[in-house]
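Working notes, beginning with the structure itself.
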Amino acid sequence: MRVEELTAKALETANIDRYTLALAVSKRTDELLNGAVSKLKIDTKHMKASDLALMEIAEGLVVIKGFTKK
């Protein structure tokens, strides 16, 4: 799946705006780079951490907490 398609799916699944999605992907990327295990059941050896984080959010495997709408 292309990045544009993943982004659209993630925005729809998480029901957030692009700015919040960028923050969530950044946070999950940091977690993955610091040793967190991926929640996807695919071979992740040849994937970038940011792509993996976006895929996890798009699939609804990562819950985005701490963001509130005013």
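Numbers at a glance
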{"item": "Residue in region 48-68 that is touching a residue at least 12 places away in the same chain (Cβ under 8 Å), of a type in the set (Phe, Trp, Tyr) and surrounded by fewer than 15 Cβ atoms within 10 Å (Cβ to Cβ) present", "result": "yes"}
{"item": "Filter result for Thr29 (at pLDDT 90 or above, out of contact with any strand residue (DSSP E or B) (no Cβ under 9 Å at 6 or more places or on another chain) and under 19 Å from Arg2 (Cβ atoms))", "result": "yes"}
{"item": "Tally of residues being among the β-branched types (Val, Ile, Thr), closer than 14 Å to Ile57 by Cβ, open to solvent by less than 60 Å² (accessible area, probe 1.4 Å) and more than 9 Å from the chain's Cα centre (by Cα) across region 8-46", "result": "2"}
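The values are calculated or read from the model by the stated rules, or taken from the named source; none is laboratory data. Only a predicted model underlies this, so the values are computations on that prediction, with no experimental measurement involved. Please note: Cβ atoms are built from the backbone with ideal geometry, for glycine as well, and neighbour counts cover all protein chains shown. For the accessible areas, the whole protein counts, side chains as well, though only heavy atoms, and no ligand, DNA or RNA atoms are used. Shrake-Rupley method; radii C 1.70, N 1.55, O 1.52, S 1.80 Å.
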